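S.K.: My questions all concern the structure below.
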Amino acid sequence: MTREEFIEELEERGYSYEIEGDKLIVTEEGAVHLGFIESIPPDVEFRNAGKVAFVELKTLPSGVVFRNAGHVYLKSLETIPPGVEFKNRGSVWLLSLKSLRGYLKDWEGNIEGVEPNELFNKMIELGLFDRR
């Protein structure tokens, strides 16, 4: 999906956004449900005041950052390249990504004293989810 097509989707759904340089920042005051979108452009940042939910999205492009106030739900996600970050205040919920199914905070591979999203971001940075 191109940046322009993504902006059209946001506008059709009434979601607010800003453009800062090369970044498209979703600034919605609540949850962002992007249901059946299958792709998004790179360099999108979610700074909305609620959760972010995707049903059909299978991969995230580099430069996507989740800095939203709630959970991130990624039902069909299969790959994540380095350059994607989860800085959201909630957990991440996955269903299709390798052995990480359910809420990231409940994953048996978590390390005591390390925030689950920090561990997940390090795994992404190392390229552990960059292939199917």
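S.K.: Ranked highest first by average number of other Cβ atoms within 10 Å, how do 32-41, 69-78 line up?
M.R.: Packing order, densest peptide first, comes out as 69-78, 32-41.
S.K.: OK, next. Tell me the net charge near residue 41. Cut-off is 10 Å between Cβ atoms, residue 41 excluded, with +1 for each Lys or Arg and -1 for each Asp or Glu.
M.R.: With Lys, Arg at +1 and Asp, Glu at -1, the net is -2.
S.K.: Still on this model: Under a crude label model (7 Å from the Cα following the beta-carbon direction), how far is residue 118 from residue 7 in nanometres?
M.R.: Distance between label points: 3.8 nm.
S.K.: Helix-only mean residue ellipticity at 222 nm, the chain, DSSP H runs n ≥ 4 weighted -39,500 (n - 2.57), per residue, nearest 500. What is it?
M.R.: My calculation for the chain gives -4500 deg cm²/dmol from helical runs alone.
S.K.: What is segment 3-125's relative contact order, in percent, from Cα pairs under 8 angstrom and six or more apart in sequence?
M.R.: 16
S.K.: On to the next question. For segment 2-28 and segment 35-104, what is the centre-to-centre distance using only Cα atoms, to the nearest Å?
M.R.: 16
S.K.: Need one number: % antiparallel among DSSP beta bridges in the chain, to the nearest 5.
M.R.: Working: 7 of 23 bridges.
For the chain, the DSSP antiparallel bridge percentage is about 30.
S.K.: State the label only: which of (i) 95; (ii) 108; (iii) 124 corresponds to volume of the Cα convex hull per residue in Å³ computed from the shown model?
M.R.: It is the value labelled (i).
Coordinate-derived values only; no laboratory data. All values derive from a computational prediction rather than experimental measurement. For neighbour counting, all protein chains shown are included, and Cβ atoms are generated from backbone atoms with ideal geometry for every residue, glycine included.
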